[in-house]
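All remarks here apply to the structure that follows.
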Amino acid sequence: MLVTDYYNTLLKSGPFKYLDTQELDMIKKYSRVIQYPAGAVMAMQGKSSDGLYIILYGSAFMSAKMLGKKVTQIATLESGDFFGEISLIEKASATATVIARSQVKCLQLTTSYFAVLSLFFPGIRYKILKAITEMIILRIKYLHRDIVKIVQNLNLNTSHREHINRETASISFAAARIDLDELYNRSTFFKTFNQKEFNEILSHSDLIKVPNHCNLIREDEIKPICFIVIRGAVLATIHSDHQTAKLTVLAPINAIVNNSLIDKSSSVINYTTCERAILLRLTNEKLQALKTNHLQLWYKFFNSICDSFINLEICANRLLIRLNSESYRSSHHV
Amino acid sequence: MCRALSYLGSPILIEDLLYKPDSSFIKQSYHPVYMPHLLNLAGFGMVAWDTCSSNPKLPYVYKTDRLPFYDDNLRNLTQKISPHCLLTHIRGVSYTGKGLVAKQNVHPFMFEGSNIAFAHNGALFEFEKMKYDLLEYISPSNKKIEGTTDSEWLYALFLSQLKNQNNPSVNEVSEAILATLKILRSLRYKHNIRVNSPMNLFISNGEFIACTRFVFDFGWEPIHPKPADSAHFVYHSLWYTYGEYYTVENNEYKMKQGDRMSSIIIASEPLTEDTTSWIEVPVYTLIVARLEDGLIKIVSQDICL
């Protein structure tokens, strides 16, 4: 394969679209090229999958067995297409089966080499994650569209409350009876940062106390913002007219991020507290300050942002399957 | 902390659920995947309805406070019985010595004269404070509590909310579950109990299975004093898979996907490492499955506080 073809193929490929030539050289150094004969299984749904695969040459069939359906062909992958981007980040099992349609040449960036790359070149990791997160958000939007279509045709028992935007109140950690050492040491979320970084995150956020049924991010809201759930729980929903479908419930310690932070478009998800809650709030100004003044920390923090969207996509997929399998009724008040 | 499993659909050898899959139900007693901190060693129980048995409305019942993975009798029974409906539970209690390990405390509960079985995965924080206030809501015919668990009290409370205990409709069961939650919530407010308390319920009478994934005061751990074990404050999951029948395919157990969706498993966690054919149910959900003309019908409902 010609060198220029190699770079062009990788640049065309979603995960690497923000990398420059030097950075692509680094990718080449940390990855390997694998050849598959026609008919070979490149990934098996439900089995462990090691990292990201970019197709350099040839084509492959992607299919998946969905709950409630038989095996469904999802796509035919050609040069520049990829799979395994979630496995790259999260050591997750393959969500689809990929079988070589013809002889295939692939670039594989394994999870362990990606971790090594990230250690020495966190900027490259950030650019790849940013590209992947954008793709995930786009997929969430497609799922949102499909979910809304189904929800609109359902006669849901929508006795949901009117969500009133109430004023949130700032509160100190002492008043909230939150032990900072315990918060840092007991949560896997914060343990990915060192103590100094943890303190820096706290200094870029304010702790707020929020009542039940308080809207945090409305669908169609464009203002970038991030919340971290410290106590209580937050409901993520999709709305259509006056019908609501529940995506997931976010408990401590999870990040909630408006997708406008990534793609500058309005939120597709609605977030409302479903218990009284205590949250860390990072406004857009604070997030930009973190990015400008603490770039290495921002790269790390972005991992959590990416994770939150991966989780949302999984929940959106599940909701779509559930809406096709179940008779779904929305809120019933207890 | 417990694990529970319910099944409804084509008759299935119990062994295919309890022992054979790579993350089988019995294996979850010592190696649960979605349950850190605690093993489930405080007893095993199962209730199984088999239309081919004598008096098919009356289920097989097996309960023991022994460790199920050493129980030869249990293994033998599971190799022989093929029910169309099953509810099983393995009990997990903290290692503090406060949770009494006894047969009376093994789920599923089923009072004499009732054909409704009930299991609970979770715990009501500071239950002792509010326990006797429940008596007001429990009818005399259901005051049959023998053990020391909060779960058995919940069962008595739930039965007392049913208008028709002998043959309740699915709607009546759903209403009774919601009424139960409402009573518990009001009593928790009365006693100022505002700590995370999971309420994953599994209920069946051989004709339906009803399950909740619910938590009171979700996300609020106790502050002072911190309890010795935090097992009740981790998330309690609920998953399901459904299809034609549960079987081995390419050396792995999974629900065969076909034209007739006639079997469902609803459980605390999947029975296999491969979870791609399982769906996790979000918190605040009530899910009910029943057989209608040989097909599984699933109704799910959000529960909103």
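The mean number of partner chain beta-carbon atoms within 10 angstrom of a residue's beta-carbon across peptide A:243-253 is 4.
Over chain B, Cα pairs under 8 Å with separation of 6+ residues give a relative contact order of 21 percent. Classified by the C-alpha gyration tensor, the stretch B:76-218 has an oblate form. Its axis ratio a/c, with a ≥ b ≥ c, is 1.5 or above, and a/b does not exceed b/c. Amide H contacts for A:CYS214 (H built 1.01 Å from N in the peptide plane; partners 5 or more residues away or on another chain; cut-off under 5 Å): A:THR273. Peptide A:232-239 has a mean of 3 when you count, residue by residue, the C-beta atoms of other protein chains within 10 Å of its C-beta. Spherically averaged projected area of the convex hull of Cα atoms, the stretch A:23-113: 5.7 nm². Remark: mean inter-chain Cβ contacts per residue of B:69-77 equal 0, using a 10 Å Cβ-Cβ cutoff to other protein chain atoms. Prolate is the label for the stretch A:280-334, because the ratio a/c of its alpha-carbon gyration tensor axes (a ≥ b ≥ c) is 1.5 or higher and a/b is greater than b/c. The calculated FRET efficiency for A:MET44 paired with A:LYS141, based on their beta-carbon distance and R0 = 22 Å, is about 0.15. Placing unit charges on the Cβ atoms only, positive for Lys and Arg and negative for Asp and Glu, gives chain A a dipole magnitude near 540 debye about its Cα centre. Here is the link list: A:LYS127/A:LYS264; A:LYS196/A:LYS291; A:LYS65/A:LYS91; A:LYS70/B:LYS254; A:LYS12/A:LYS300. Which ones come out longer than 23 Å on Cα distance? From A:LYS127/A:LYS264; A:LYS196/A:LYS291; A:LYS65/A:LYS91; A:LYS70/B:LYS254; A:LYS12/A:LYS300, over 23 Å: A:LYS12/A:LYS300. Loop-located trypsin sites (Lys or Arg not before Pro) in the stretch A:175-274 (DSSP state not H, G, I, E or B) with no more than 12 neighbouring Cβ atoms inside 10 Å: A:ARG177, A:LYS264.
Put a plus charge on the Cβ of each Lys and Arg, a minus charge on the Cβ of each Asp and Glu, and nothing anywhere else: the dipole of the stretch B:31-171 about its Cα centre is then about 200 debye.
Remark on the stretch B:45-144: hydrodynamic radius 15.7 angstrom, per the Kirkwood mean of 1/r across alpha carbon pairs.
Ordering B:ILE287, B:PHE216, B:HIS191 by Cα displacement along the dipole of the stretch B:150-305 toward the positive end leaves B:HIS191 in first place; charges were set at the Cβ atoms of Lys, Arg (+1) and Asp, Glu (-1).
Return the loop-located trypsin sites (Lys or Arg not before Pro) in the stretch A:1-68 (DSSP other than H, G, I, E, B) with at most 10 other Cβ atoms within 10 Å of their own Cβ; answer none if there are none.
Values: sites: A:LYS12, A:LYS17, A:LYS28, A:LYS29, A:ARG32, A:LYS47, A:LYS65; in loops: A:LYS17, A:LYS47.
The qualifying sites: there are none.
Here the stretch A:197-228 is scanned for amide nitrogen atoms under 13 Å from the site 7 Å beyond the Cα of A:ALA175 along Cα-to-Cβ, giving A:207-210. Dividing the mean sequence gap of close Cα pairs (under 8 Å, 6+ apart) by how many residues the stretch A:50-177 holds gives a relative contact order of 25 percent. Helix B:170-190 versus the longest principal axis of chain B: what is the Cα-based angle in degrees, 0 to 90, to the nearest 10? Roughly 30 degrees, rounded to the nearest 10. A simple rule links phi to the HN-Hα coupling: the Karplus curve 6.51 cos²θ - 1.76 cosθ + 1.60 with θ = phi - 60°, which for the stretch A:265-276 gives 10, 5, 5, 9, 10, 9, 10, 9, 5, 10, 9, 4 Hz, with x for Gly and Pro.
Take the Cβ atoms of A:ILE34 and B:ASN76, set R0 to 41 Å, and the FRET efficiency comes out at 0.25. Ignoring lysines fewer than eight residues from B:LYS143 along the same chain, the ones with Cα atoms less than 24 angstrom from its Cα are B:LYS57, B:LYS63, B:LYS98, B:LYS103, B:LYS129, B:LYS131, B:LYS163, B:LYS182, B:LYS190.
Quick check: from the Cα gyration tensor, does chain A come out rounded (a/c under 1.5), prolate or oblate?
oblate
Across the options A:ILE253, A:ALA38, A:TYR299, the greatest Cα extent toward the positive end of the charge dipole of chain A (unit charges at beta carbon of Lys, Arg, Asp, Glu) belongs to A:ALA38. Relative to the longest principal axis of the Cα atoms of chain A, helix A:122-153 runs at roughly 70 degrees.
Under the simplified labelling scheme, the B:SER53-A:ILE321 pair shows an inter-label distance of 3.1 nm, with each label point 7 Å from Cα along Cα→Cβ. Centre-to-centre, using Cα atoms only, the stretch B:233-305 and the stretch B:88-135 are separated by 24 Å. Reported to the nearest whole Å, the Cα centre-to-centre distance from the stretch A:260-292 to the stretch A:27-48 is 37. Cβ crowding within 10 Å ranks A:VAL33, A:VAL234, B:VAL299 as A:VAL33, B:VAL299, A:VAL234, fewest other Cβ atoms first. Here the gap between A:ALA75 and A:ASN153, fully extended at 0.36 nm per residue and compared with their Cα-Cα distance, gives a gain of 25.3 nm. Which value at 222 nm does the protein assembly as shown reach when only helices count, each DSSP H run of 4 or more adding -39,500 (n - 2.57), with the total divided by all residues and rounded to the nearest 500 deg cm²/dmol? Theoretical 222 nm ellipticity from helices: -8500 deg cm²/dmol. Can you tell me which of B:GLU136, B:GLU252, B:GLU221 moves the most in a GNM of chain B? Springs connect C-alpha atoms under 10 Å apart. Between B:GLU136, B:GLU252, B:GLU221, it is B:GLU136 that shows the largest mean-square fluctuation. One Cα centroid belongs to the stretch A:86-159, the other to the stretch B:42-83; the line between them spans 43 Å.
If one takes the longest principal axis of the Cα atoms in chain A, at what angle in degrees, from 0 to 90 and to the nearest 10, does the Cα axis of helix A:3-12 lie? Here the helix axis deviates by roughly 30 degrees.
Since every read-out is calculated from the coordinates, none of them should be taken as a lab result. Computed from a prediction, not measured in an experiment: that's the story for all the values here. Positions of Cβ are generated from backbone atoms using ideal geometry, with glycine treated the same way; all protein chains shown enter the neighbour counts.
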